[in-house]
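The values are calculated or read from the model by the stated rules, or taken from the named source; none is laboratory data. Just so it is clear, the structure is predicted and the values come from calculations on it, not from any experiment. Note that each Cβ is placed from the backbone with ideal geometry, even for glycine, and that neighbours are counted across all protein chains shown. Keep in mind that these areas ignore ligands, DNA and RNA; they rest on the heavy atoms of the full protein, side chains included. Shrake-Rupley method; radii C 1.70, N 1.55, O 1.52, S 1.80 Å.
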Amino acid sequence: MKMTRSRRIEIPNKTQLRRYLEEEKDPTVRLRLTLLNLLAELPRSLALAQICAMVDVPEPTAYVWVRAWRERGYRGVCHPTESGGEPGRPPSLDDGDLNALNALNALKALLEDRPFWQTREVRTLIREHFGVTLSESQVSRILRDKL
(Lines give C-alpha, C1' and ligand atoms only; values in the text may rest on other atoms or scores of the structure.)
Protein backbone atom coordinates (compact mmCIF):
# COMPACT_ATOMS: atom_id res chain seq x y z
CA MET A 1 0.00 0.00 0.00
CA LYS A 2 1.49 3.29 -1.11
CA MET A 3 0.90 6.30 1.13
CA THR A 4 0.50 9.66 -0.45
CA ARG A 5 1.95 12.61 1.35
CA SER A 6 -0.50 15.43 1.25
CA ARG A 7 0.38 18.50 3.16
CA ARG A 8 -2.65 20.44 4.31
CA ILE A 9 -2.64 24.16 4.61
CA GLU A 10 -3.08 25.66 8.05
CA ILE A 11 -5.85 28.26 8.23
CA PRO A 12 -5.41 30.86 11.01
CA ASN A 13 -8.28 32.54 12.91
CA LYS A 14 -10.79 29.70 12.46
CA THR A 15 -13.40 31.15 14.82
CA GLN A 16 -13.28 34.52 13.07
CA LEU A 17 -13.59 32.73 9.72
CA ARG A 18 -16.73 30.86 10.88
CA ARG A 19 -18.28 34.09 12.14
CA TYR A 20 -17.71 35.83 8.78
CA LEU A 21 -19.11 32.79 6.96
CA GLU A 22 -22.32 32.85 9.03
CA GLU A 23 -22.88 36.55 8.31
CA GLU A 24 -21.78 36.71 4.65
CA LYS A 25 -24.47 37.48 2.04
CA ASP A 26 -22.34 37.89 -1.11
CA PRO A 27 -22.25 34.47 -2.84
CA THR A 28 -18.75 35.02 -4.27
CA VAL A 29 -17.20 35.88 -0.92
CA ARG A 30 -19.27 33.12 0.72
CA LEU A 31 -17.72 30.51 -1.62
CA ARG A 32 -14.24 31.72 -0.69
CA LEU A 33 -15.02 31.59 3.01
CA THR A 34 -16.61 28.14 2.59
CA LEU A 35 -13.48 26.74 0.96
CA LEU A 36 -11.30 28.20 3.71
CA ASN A 37 -13.62 26.79 6.37
CA LEU A 38 -13.50 23.34 4.75
CA LEU A 39 -9.71 23.49 4.78
CA ALA A 40 -9.81 24.42 8.45
CA GLU A 41 -12.45 21.89 9.58
CA LEU A 42 -12.22 18.75 7.43
CA PRO A 43 -9.88 15.92 8.44
CA ARG A 44 -6.28 16.24 7.40
CA SER A 45 -6.61 13.02 5.41
CA LEU A 46 -8.40 15.02 2.70
CA ALA A 47 -5.97 16.73 0.36
CA LEU A 48 -6.37 20.26 -0.93
CA ALA A 49 -7.14 18.86 -4.38
CA GLN A 50 -10.06 16.83 -2.99
CA ILE A 51 -11.52 19.79 -1.13
CA CYS A 52 -11.14 21.99 -4.22
CA ALA A 53 -12.95 19.36 -6.28
CA MET A 54 -15.84 19.39 -3.77
CA VAL A 55 -16.50 23.07 -4.34
CA ASP A 56 -15.32 23.18 -7.97
CA VAL A 57 -12.48 25.64 -7.38
CA PRO A 58 -9.06 25.25 -9.06
CA GLU A 59 -6.16 24.62 -6.68
CA PRO A 60 -4.19 27.74 -7.71
CA THR A 61 -7.25 29.85 -6.93
CA ALA A 62 -7.51 28.23 -3.51
CA TYR A 63 -3.90 29.16 -2.79
CA VAL A 64 -4.65 32.79 -3.73
CA TRP A 65 -7.62 32.82 -1.32
CA VAL A 66 -5.59 31.23 1.50
CA ARG A 67 -2.79 33.77 1.03
CA ALA A 68 -5.33 36.63 0.98
CA TRP A 69 -6.92 35.37 4.22
CA ARG A 70 -3.55 35.02 5.93
CA GLU A 71 -2.26 38.43 4.87
CA ARG A 72 -5.38 40.62 5.01
CA GLY A 73 -8.15 38.58 6.63
CA TYR A 74 -11.75 39.16 5.57
CA ARG A 75 -10.85 42.19 3.45
CA GLY A 76 -8.34 40.07 1.57
CA VAL A 77 -10.93 37.39 0.86
CA CYS A 78 -13.29 40.02 -0.53
CA HIS A 79 -10.56 41.21 -2.94
CA PRO A 80 -7.98 38.38 -3.07
CA THR A 81 -5.96 39.55 -6.06
CA GLU A 82 -5.34 43.03 -4.72
CA SER A 83 -2.13 43.72 -2.89
CA GLY A 84 -3.67 45.81 -0.19
CA GLY A 85 -4.33 49.39 -1.24
CA GLU A 86 -6.65 50.64 -3.91
CA PRO A 87 -7.22 48.32 -6.86
CA GLY A 88 -5.57 49.01 -10.19
CA ARG A 89 -2.56 51.02 -11.18
CA PRO A 90 -1.95 54.17 -9.14
CA PRO A 91 -2.76 57.35 -11.03
CA SER A 92 0.04 59.50 -12.40
CA LEU A 93 -1.68 62.53 -10.91
CA ASP A 94 -2.58 62.04 -7.28
CA ASP A 95 -5.63 63.61 -5.61
CA GLY A 96 -3.53 66.58 -4.52
CA ASP A 97 -2.52 67.23 -8.11
CA LEU A 98 -6.12 66.84 -9.29
CA ASN A 99 -7.30 69.25 -6.60
CA ALA A 100 -4.58 71.66 -7.68
CA LEU A 101 -5.72 71.17 -11.26
CA ASN A 102 -9.29 72.04 -10.23
CA ALA A 103 -8.11 74.98 -8.16
CA LEU A 104 -6.03 76.53 -10.88
CA ASN A 105 -8.23 79.40 -11.96
CA ALA A 106 -5.98 80.13 -14.88
CA LEU A 107 -6.40 76.66 -16.34
CA LYS A 108 -10.10 76.60 -15.63
CA ALA A 109 -10.47 80.05 -17.17
CA LEU A 110 -8.46 78.90 -20.15
CA LEU A 111 -10.79 75.98 -20.62
CA GLU A 112 -13.83 78.22 -20.21
CA ASP A 113 -12.49 80.88 -22.61
CA ARG A 114 -12.94 78.63 -25.57
CA PRO A 115 -16.11 76.66 -26.11
CA PHE A 116 -14.32 73.67 -27.59
CA TRP A 117 -11.04 72.02 -26.70
CA GLN A 118 -9.46 69.03 -28.26
CA THR A 119 -8.32 66.41 -25.80
CA ARG A 120 -4.78 66.55 -27.09
CA GLU A 121 -4.66 70.30 -26.39
CA VAL A 122 -5.69 69.76 -22.77
CA ARG A 123 -3.20 66.88 -22.61
CA THR A 124 -0.45 69.29 -23.68
CA LEU A 125 -1.48 71.82 -21.00
CA ILE A 126 -1.34 69.12 -18.30
CA ARG A 127 2.05 67.92 -19.54
CA GLU A 128 3.45 71.46 -19.52
CA HIS A 129 2.02 72.30 -16.11
CA PHE A 130 2.59 69.05 -14.19
CA GLY A 131 5.30 67.38 -16.21
CA VAL A 132 3.12 64.27 -16.53
CA THR A 133 2.32 62.66 -19.85
CA LEU A 134 -1.17 61.20 -19.89
CA SER A 135 -2.97 59.32 -22.59
CA GLU A 136 -5.86 61.03 -24.33
CA SER A 137 -8.29 58.61 -22.70
CA GLN A 138 -6.95 59.54 -19.24
CA VAL A 139 -7.29 63.24 -20.03
CA SER A 140 -10.86 62.79 -21.26
CA ARG A 141 -11.68 60.82 -18.08
CA ILE A 142 -10.24 63.62 -15.94
CA LEU A 143 -12.19 66.25 -17.86
CA ARG A 144 -15.39 64.26 -17.66
CA ASP A 145 -15.15 63.03 -14.06
CA LYS A 146 -13.03 65.63 -12.24
CA LEU A 147 -13.71 69.00 -13.86
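Please work out how much accessible surface Tyr74 shows to a 1.4 Å probe, ignoring ligands, DNA and RNA, in Å² rounded to 10.
Ignoring ligands and nucleic acids, Tyr74 comes out at about 70 Å².
Just to be sure I understand the model, the point goes 7 Å from the Cα along the line to the Cβ. What's the resulting Ser45 to Gln118 distance in nm?
For the pair Ser45/Gln118, the computed spacing is 7.4 nm.
Starting from the Cα of Asp145, step 7 Å along the direction of its Cβ; do the same at Asp56; then give the gap between the two resulting points in nm.
Taking the two extended label points, one gets 3.4 nm.
Please report the accessible area of Arg114 (heavy atoms, 1.4 Å probe, ligands and nucleic acids excluded) in Å², nearest 10.
Using a 1.4 Å probe on the heavy atoms, I get roughly 100 Å².
Just subtract the alpha-carbon distance of His129 and Arg18 from 0.36 nm times their residue separation and send over the number in nm, one decimal.
Working it through step by step, the gained length comes to 34.7 nm.
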